[in-house]
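**Student:** A single structure is presented below for examination.
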Amino acid sequence: MRTAPSASKLPALPLAALGALVLASVLGVGVVRLAGVSAQQQPDASTVTTRQLRFEDGADGSIAVLDAGSGRLLTTIAPGTNGFLRSAMRGLVRERKRQGLGPETPFELLGRADGRLTLVDPGTRRRIDLEAFGPSNAAVFARLLPATPPGADHVAQR
């Protein structure tokens with residue numbers, strides 16, 4: 001007669017996989033610590049160029065991008081294009097509505113000395129570090145900056 005398998009016996013494969021996961025995690029943390037990588041954000045480089053922007057929705061689904069100071073039209077985003085710009089602005093506007101703020105305060109686009117771009121909503125104090133989304137997405141906003149000052153040509157090219 002056969003005896004029933006012991007209920008206390010753990011399956012070896014899942015236990016080994018769990019052990020490998022723990023070991024990989026510990027090794028990964030060790031490598032990051034030894035490499036000197038920090039989870040803390042680096043301080044912002046100085047701002048070399050700034051533009052205050054307004055975004056207005058068109059009846060056809062387009063977005064007019066205006067220089068807030070002069071009211072001059074910088075560009076028009078055609079309907080169904082520039083998904084990154086649309087989603088970034090949608091998130092900032094949603095936060096404004098949540099806080100009961102309107103469109104009175106323009107958004108600020110900052111070009112940094114190190115070539116990074118930051119989109120800031122002064123009303124909600126939210127910011128988007130655009131380089132985190134890759135160079136092609138940051139370039140969409142870089143085209144909205146004014147001509148760069150002498151010696152800061154790398155900001156608009158990033």
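**Student:** Would you check the accessible area of Phe107, probe 1.4 Å, heavy atoms only, in square angstrom rounded to 10?
**Tutor:** Surface accessible to solvent at Phe107 totals approximately 10 Å².
**Student:** Just the accessible area for Ile63, please: 1.4 Å probe, Å², rounded to the nearest 10?
**Tutor:** For Ile63, solvent-accessible area is about 20 Å².
**Student:** A follow-up question, please. Starting at the first residue of region 101-107, write each ³J(HN,Hα) from the Karplus equation 6.51 cos²θ - 1.76 cosθ + 1.60 with θ = phi - 60°, in whole Hz, x for Gly and Pro.
**Tutor:** Residue by residue, region 101-107 yields 9, x, x, 4, 7, x, 7 Hz.
**Student:** Let me ask you something else. For region 12-24, just list the computed ³J(HN,Hα) in residue order, Karplus coefficients 6.51, -1.76 and 1.60, θ = phi - 60°, integers in Hz, with x standing in for Gly and Pro.
**Tutor:** 6, 5, x, 5, 5, 5, 5, x, 5, 5, 5, 4, 4
**Student:** Another question, then. Excluding ligands, DNA and RNA, what is the solvent-accessible area per residue of region 16-84 at a probe of 1.4 Å, expressed in Å²?
**Tutor:** The answer is 69 Å² per residue.
**Student:** Could you please tell me the mean projected area of the C-alpha convex hull for region 28-92, averaged over all directions and given in square nanometres to one decimal?
**Tutor:** Values: hull surface 30.5 nm².
For region 28-92, averaging the hull's shadow over all directions gives 7.6 nm².
**Student:** Find, among the GluC sites (Glu not before Pro) in region 56-155, those assigned to loop by DSSP (not H, G, I, E, B) with at most 15 other beta-carbon atoms within 10 angstrom.
**Tutor:** Taking region 56-155 and a limit of 15 other Cβ atoms within 10 Å, the loop GluC sites (Glu not before Pro) found are Glu104.
The values are calculated or read from the model by the stated rules, or taken from the named source; none is laboratory data. Note that the structure is a prediction, hence the values are computed from the model and not measured. Virtual Cβ from ideal backbone geometry, glycine too; neighbours counted across all protein chains shown. For accessibility, only protein heavy atoms count, side chains too; no ligands or nucleic acids. Shrake-Rupley method; radii C 1.70, N 1.55, O 1.52, S 1.80 Å.
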